[in-house]
Amino acid sequence: MPLCLMENIRKIYRIGDIQVEILKGINLTIERGEFVAIMGTSGSGKTTLMNIIGCLDTASSGRYVLADREVSTLTDDELSQIRNEHVGFVFQNFYLFPYATVLENVLLPTLYTGYAGARQDSAKKRAIELLKLIGLEGRSRFRPNQLSGGEQQRVAIARALVNEPDLLLADEPTGQLDSKTASEIMDILSRMNKQGKTVVVVTHDPHIAEYARRIIYIKDGLIFE
Ligand SMILES: Nc1ncnc2c1ncn2[C@@H]1O[C@H](COP(=O)(O)OP(=O)(O)OP(=O)(O)O)[C@@H](O)[C@H]1O
Ligand SMILES: [Mg+2]
């Protein structure tokens with residue numbers, strides 16, 4: 001069974017009387033260990049698709065299976081549980097919590113998983129290991145505003161990985177960064193992928209997409225490879 005399986009996924013947004021169909025029957029399979037880039041023009045539905053893949057949102061119709069769970073039948077609580085266990089998110093704007101230190105930011109997702117006591121100690125150990133892995137162990141007590149954009153995004157990657165998700169989703173992770181810093185971020189994602197993580201990246205930038213081993217295009221609500 002693939003990690004993600006989509007069959008005829010549709011997404012319709014309703015605003016008042018107006019209905020707009022953004023995804024018009026997506027069929028997509030992502031195997032464990034893949035590195036996939038999703039490309040398409042602005043407004044084509046890349047974020048919409050990512051949010052469904054990551055269970056931040058649900059499809060209007062169609063079948064979606066993530067990590068052997070039929071997502072369309074899950075309640076909101078079950079959705080947030082599957083999201084917490086299986087998915088790590090990285091966003092264009094980093095979304096770090098400004099009043100927390102780097103280490104506390106990396107640990108945030110572990111609070112929702114109910115880590116306590118000894119489990120919290122092991123989560124902390126893992127957070128420190130991740131900070132080492134991305135070269136920020138010396139910054140663990142810094143606040144986000146004391147970091148560069150590239151450093152903030154590295155912290156966001158560590159945070160996305162702390163619950164050891166199967167799937168790492170990054171929506172325009174380099175959109176705010178210069179090209180050199182962007183390559184550094186993509187090198188980190190490649191490294192995570194080589195270590196076995198499944199990675200999906202949304203990007204406008206063909207150079208960024210080249211890091212992936214498979215490129216998917218969204219156009220007119222459908223995907224092309
Ligand atoms: N919550 C919502 N309600 C109504 N329409 C929405 C909603 N979210 C997205 N849309 C519409 O769906 C379309 C696709 O949006 P989406 O954010 O998925 O595009 P995108 O490909 O990620 O674009 P960008 O490259 O600019 O980030 C847009 O036309 C947008 O207006
Ligand atoms: Mg988007």
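The values are calculated or read from the model by the stated rules, or taken from the named source; none is laboratory data. Quick caveat: nothing in here was measured; it's all calculated off a predicted structure. Backbone-built Cβ (ideal geometry, glycine too); neighbour counts: all protein chains shown.
Would you mind stating whether Ala116 is part of a loop (DSSP other than H, G, I, E, B), touching a strand residue (DSSP E or B) at 6+ places or on another chain (Cβ under 7 Å) and either more than 16 Å from ligand 1 (Cβ to nearest atom) or modelled with pLDDT of 95 or more (or both)?
No: the conditions fail for Ala116.
Taking the criterion of being closer than 24 Å to Ile208 by Cα, within 16 Å of ligand 2 (Cβ to nearest atom) and free of Cβ contacts under 8 Å to residues at least 40 places away in the same chain, would at least one residue in region 85-93 satisfy it?
no
Within region 84-95, how many residues turn out to be buried (at least 19 other Cβ atoms within 10 Å of the Cβ) and over 19 Å from Ile185 (Cβ atoms)?
Qualifying residue count, region 84-95: 1.
Please verify whether region 48-63 includes one or more residues that are within 30 Å of Arg143 (Cβ to Cβ), under 19 Å from the mean Cα position of the chain (by Cα) and in a helix (DSSP H, G or I).
Yes, region 48-63 has at least one match.
So that you can scan it fast, the table gives a plain yes or no per residue for (1) of a type in the set (Val, Ile, Thr); (2) on the phi < 0 side of the Ramachandran plot:
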residue	(1), (2)
Glu172	no, no
Thr181	yes, yes
Asp187	no, yes
Lys197	no, yes
Val202	yes, yes
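Taking region 38-55 on its own, how many of its residues are within 11 Å of Ile218 (Cα to Cα), more than 10 Å from ligand 2 (Cβ to nearest atom) and of a type in the set (A, V, I, L, M, F, W, C)?
Of the residues in region 38-55, 1 are within 11 Å of Ile218 (Cα to Cα), more than 10 Å from ligand 2 (Cβ to nearest atom) and of a type in the set (A, V, I, L, M, F, W, C).
Which ones in region 189-209 are over 16 Å from the mean Cα position of the chain (by Cα), touching a residue at least 12 places away in the same chain (Cβ under 8 Å) and away from ligand 1 (no atom under 13 Å from the Cβ)?
Those that are over 16 Å from the mean Cα position of the chain (by Cα), touching a residue at least 12 places away in the same chain (Cβ under 8 Å) and away from ligand 1 (no atom under 13 Å from the Cβ): Pro206, His207.
Every residue, every condition in (1) surrounded by fewer than 20 Cβ atoms within 10 Å (Cβ to Cβ); (2) among the basic types (Lys, Arg); (3) more than 16 Å from ligand 1 (Cβ to nearest atom), yes or no:
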site: Gly45; (1), (2), (3): no, no, no
site: Asp57; (1), (2), (3): yes, no, no
site: Ser60; (1), (2), (3): yes, no, no
site: Arg63; (1), (2), (3): yes, yes, yes
site: Glu70; (1), (2), (3): yes, no, yes
site: Asp77; (1), (2), (3): yes, no, yes
